[in-house]
Amino acid sequence: VIAHVFGESCVPENPERVVALEWTYVEDLLALGVQPVGVADIQGYNNWVKIPVALGEDVVDVGRRQEPNLETIAELNPDLIIAVGFRAGQNYDDLSAIAPTLVFDPYPTDLSVSQFDEMLNTFNTIATAVNHETEADAVLEGLKAHFSQAAAALEAAGRGGESFILSQGWTTDSVATFRLFTDNALAAQILVQIGLENAWDVEPQQYGFTEAGIEGFVALADRDFNFFYVAPESDNDIFLESPLWSSLNFVKSEKAYWLGGDVWFFGGPYSAELLVDTVLAAMGVEIPVVAEATEATG
């Protein structure tokens, strides 16, 4: 019996045929060594999630994450379905009629619970459900070691403890909007794990962000922080052409770091490692490669 946000579900002891309806849970399964039989929006998953474990070519696309195809899912004869709460509310009963369905919520309504802790708890729960706890322990130990190496690299570069604001930016009719991540957000918490400090100190939000235009940064003119942001290249070009953007303190001090257009802020442990690598690479800080110990031979 596995507890989840919609109650409890009885899961087979060793489920082999798993359908995942949210990309985070696809990533979790792959990190645990489990290839799902069905995934919602495979093209979108491959566009955004860049973990080092590839989705199998025979995995079946079961439709949109917002509205998966129930007939296709049923035809796969799954042992287990994994879904997300803000999408599964309307079809949970239908999904449960096909197979035991676990539902998780990456955005806890209890704002004292960080999305990072929720990610870890969900990862471990999925590992228990698919009977891969040993693999989960190894993945999370690797994540912890990666954080430690990144923190040490920042300290060695004299940049440990620096402040940051993390953002997703885009334009609509050439008007810029920035999603700024609050302390409880998964992506912000990942950077906190490596010793950085979140300078966007507004109240935590359920979805982990607030929004502002370029004008909203003027009030931060006297503060010193790194601005890490993801935006499509075409939108970033619009930012760079803006006189207001070029007047901002973090831009003038060369602390605005464009991370590219497709960094995924909402994944599992492997995406967390990739975000750390991307941020440190943007800062020009290299994580040293730790050589594996080898036995001496005579």
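Throughout, read-outs are computed from the coordinates displayed, never taken from laboratory work. Nothing here was measured: the structure is a model prediction, and the numbers come from that model. Heads up, the Cβs are rebuilt from the backbone with ideal geometry, glycines too, and the neighbour counts pull from every protein chain shown.
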| task | Taking 7 Å along the Cα-to-C-beta vector as the label spot, tell me the Leu140-Asn77 distance in nanometres, rounded to one decimal. | result | 3.4
| Per-pair calculated FRET efficiency, R0 = 51 Å: Ala281 and Glu8 via Cβ, rounded to 0.05 | 0.75
| Burial ranking of peptide ranges 134-141, 195-202 (average Cβ count within 10 Å, highest at the top) | 195-202, 134-141
| said: Explain nothing, just the number: dipole magnitude of the chain about its Cα centre with +1 on each Lys and Arg Cβ and -1 on each Asp and Glu Cβ, in debye rounded to the nearest 20. | reply: 520
| field | Pair Gln205, Ser148: separation of 7 Å Cα→Cβ label points (nm) | value | 3.6
| Around Asp110, with a cut-off of 12 angstrom between Cβ atoms, what is the net charge of the other residues, counting Lys and Arg +1 and Asp and Glu -1? | -3
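Between Leu240 and Glu155, 0.36 nm times their residue separation minus their Cα-Cα distance comes to what? All intermediate terms of the calculation are to be shown ahead of the outcome.
Numbers: separation 85, 0.36 × 85 = 30.60 nm, distance 3.04 nm.
Contour length minus Cα-Cα distance gives 27.6 nm.
I want the local charge near Asn121. Using Cβ-Cβ distances under 12 Å, sum +1 for each Lys or Arg and -1 for each Asp or Glu among the other residues. Write down the numbers at each step before the final one.
Details: positive: none; negative: Asp28, Asp105, Asp117, Glu118.
Around Asn121, the surrounding residues sum to -4.
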| query | Rounded if a/c is under 1.5, else prolate if a/b beats b/c, else oblate: with a ≥ b ≥ c from the C-alpha gyration tensor eigenvalues square-rooted, which is the range 97-236? | reply | oblate
| Considering only the other residues whose Cβ falls under 12 Å of the Cβ of Val279, what net charge follows from Lys and Arg at +1 and Asp and Glu at -1? | -2
| task | Pop a pseudo-label 7 angstrom from the Cα along the beta-carbon direction at both Asp93 and Asp224 and give the gap in nm to one decimal. | result | 6.0
| message | Can you tell me the mean projection area, over all orientations, of the convex hull of the range 11-53's alpha carbons? Units nm², please. | response | 3.0
